[in-house]
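J.: First the structure, then my questions, so here it is.
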Amino acid sequence: MDDRGSGAGHANVPLDKRSQLITWYVLFAITQSTALVIVLLDGNPLADRLSAAGLLVLNGLWFICYGRRLVEEDRDDWRGFVYAAGSLVLFAGAVWFSGSATFALFGLVPQIYMTLPLWWAFFPMVLFVFTPQILTYAAGADPALPWPAALLIIAFSQAFGWAISRVADQNKLRGQLLERIEALTIEAERARWAAEIHDTLAQGFTSIITLLQGAQPNVELALQTARENLREARALVAANAPSPLDGSSLEDALRRLVSGVSLPSSFRVIGNAVPLATSVEVVLLRTVQEALNNVMRHSGASRVDVVMRFDSDGVSLEVRDDGRGFGDAPEGFGLRGMRARLEQVGGTLSLSSDEGASVLVEVPL
């Protein structure tokens, strides 16, 4: 059960659970009020009626001050028996003065099942149901409730308690699933932001450092890269499409990326270009960014070429350089991020180290 301290109050109850409990509280209030009216209108002496009504009111206060906290904290321990014992004493006293107080059972029995586990609650429930029978028998009068009817109420109450327990278990399971979904959503969002930052801002800063640390620093290109990085940051904050795609086609954005590298490079488009979904364009753009970044940082290449090809099966992008290739080095975060992005749009990533390095991306249309 819940491990919260006994001092947890009504304010700590989740909103959805609180709304469900309000329904039960309304039921308890209705049954208690009805029992009071019935007791006050029956034919017993006034003193007996007032005594029974007073004990029913005390029973209601006992629930408000003690039982309600057990229900809201969702604890199934010995304190449920304490509440059941106190409630039984007050209920028995009310029935002793007026048999009409038996009507309060409709509200008291559900309380027992909400403060104790299902099978623990069975025995206090039997005592509650048999209390009117026992007291009227002890007073030498015929029970107002026939014994077969009392047994039927016991069976019905246990079935009702089982239903309450099932609903409580399902609500708890639903709450756990919602918490798990929320945790997975947060985790996925963190991974997405990590990939976005790695593919945009981190690569831009790396390019700026490379341009400024060379034998002949290219300040103009470094400034251009810094401005593009600023646009990327604003686009990420605004949750827009990547800034290189703003107001331009994918081919134009790729051409600008390729022309921005410090190595001799080329970009070609083969086939008739077809419109692509924005998600596919973003993946292709980020893939080329990551591939070019790897070429600049790790390959030792003297040239890089990018080819975009459209055919009946889909679109492909190949980034090829004449560097040292991939070798036996394990895939880093960048390549893993590229694969993850491509999987989201049904694409594949192929690596080759034949006469340099080749990154081939294929996305079906």
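J.: Name the single residue that is most open to solvent (accessible area, probe 1.4 Å) among those in the range 341-351 being without any contact (Cβ under 8 Å) to a residue 24 or more places away in the chain and either closer than 23 Å to Gly325 by Cβ or over 29 Å from the mean Cα position of the chain (by Cα) (or both). Spell out the reasoning first.
T.: First, pick out the residues of the range 341-351 that are without any contact (Cβ under 8 Å) to a residue 24 or more places away in the chain: 343, 346, 348, 350.
From what's left, either closer than 23 Å to Gly325 by Cβ or over 29 Å from the mean Cα position of the chain (by Cα) (or both): 348, 350.
On the way: Thr348: 70, Ser350: 51 Å².
Looking at residues that are without any contact (Cβ under 8 Å) to a residue 24 or more places away in the chain and either closer than 23 Å to Gly325 by Cβ or over 29 Å from the mean Cα position of the chain (by Cα) (or both), I get Thr348.
J.: Tell me which residues, restricted to the range 255-287, are part of a loop (DSSP other than H, G, I, E, B), hydrophobic (A, V, I, L, M, F, W, C) and more than 19 Å from Phe310 (Cα to Cα).
T.: Quick first cut of the range 255-287, residues part of a loop (DSSP other than H, G, I, E, B) only: 260-264, 271-277.
Keeping just the survivors that are hydrophobic (A, V, I, L, M, F, W, C) gives 261, 263, 273-274, 276-277.
Of everything in the range 255-287, those that are part of a loop (DSSP other than H, G, I, E, B), hydrophobic (A, V, I, L, M, F, W, C) and more than 19 Å from Phe310 (Cα to Cα) turn out to be Val261, Leu263.
J.: Looking at the range 56-70, which of its residues are crowded, with 20+ Cβ neighbours inside 10 Å and under 13 Å from Leu108 (Cβ atoms)?
T.: Those that are crowded, with 20+ Cβ neighbours inside 10 Å and under 13 Å from Leu108 (Cβ atoms): Leu56, Asn59, Gly60, Phe63, Gly67.
J.: Just wondering, is there one or more residues in the range 150-166 that are modelled with pLDDT under 70, more than 24 Å from Val95 (Cβ to Cβ), among the aliphatic types (A, V, I, L, M) and open to solvent by 30 Å² or more (accessible area, probe 1.4 Å)?
T.: no
J.: Next up: Looking at Phe130, Phe106, Phe91, can you tell me which residue is closer than 19 Å to Gly161 by Cβ and open to solvent by 50 Å² or more (accessible area, probe 1.4 Å)?
T.: Phe106
J.: I would also like to ask the following. Select from the range 336-355 the residues that are of a type in the set (Lys, Arg) and more than 19 Å from Thr278 (Cα to Cα) and list them in ascending order.
T.: If the condition is that a residue be of a type in the set (Lys, Arg) and more than 19 Å from Thr278 (Cα to Cα), then Arg336 is the only one that fits.
J.: Just to verify a result, which residue in the range 30-40, among those that are free of Cβ contacts under 8 Å to residues at least 40 places away in the same chain and open to solvent by 50 Å² or more (accessible area, probe 1.4 Å), is nearest to the chain's Cα centre (by Cα)? Walk me through it before giving the result.
T.: Filtering the range 30-40 down to residues free of Cβ contacts under 8 Å to residues at least 40 places away in the same chain leaves 33, 36-37, 40.
Next cut, open to solvent by 50 Å² or more (accessible area, probe 1.4 Å) only: 33, 37, 40.
Working: Ser33: 40, Val37: 46, Leu40: 50 Å.
Per the stated criteria, the residue is Ser33.
J.: Taking the criterion of being surrounded by 13 or more Cβ atoms within 10 Å (Cβ to Cβ), among the basic types (Lys, Arg), under 34 Å from the mean Cα position of the chain (by Cα) and modelled with pLDDT of 80 or more, would at least one residue in the range 326-339 satisfy it?
T.: yes
The values are calculated or read from the model by the stated rules, or taken from the named source; none is laboratory data. Please read these numbers as outputs of a predicted model, since none were measured by experiment. Using ideal geometry, Cβ is built from the backbone for each residue, glycine included, and neighbour counts are taken over all protein chains shown. Accessible surface areas use protein heavy atoms only, side chains included; no ligands, DNA or RNA. Shrake-Rupley method; radii C 1.70, N 1.55, O 1.52, S 1.80 Å.
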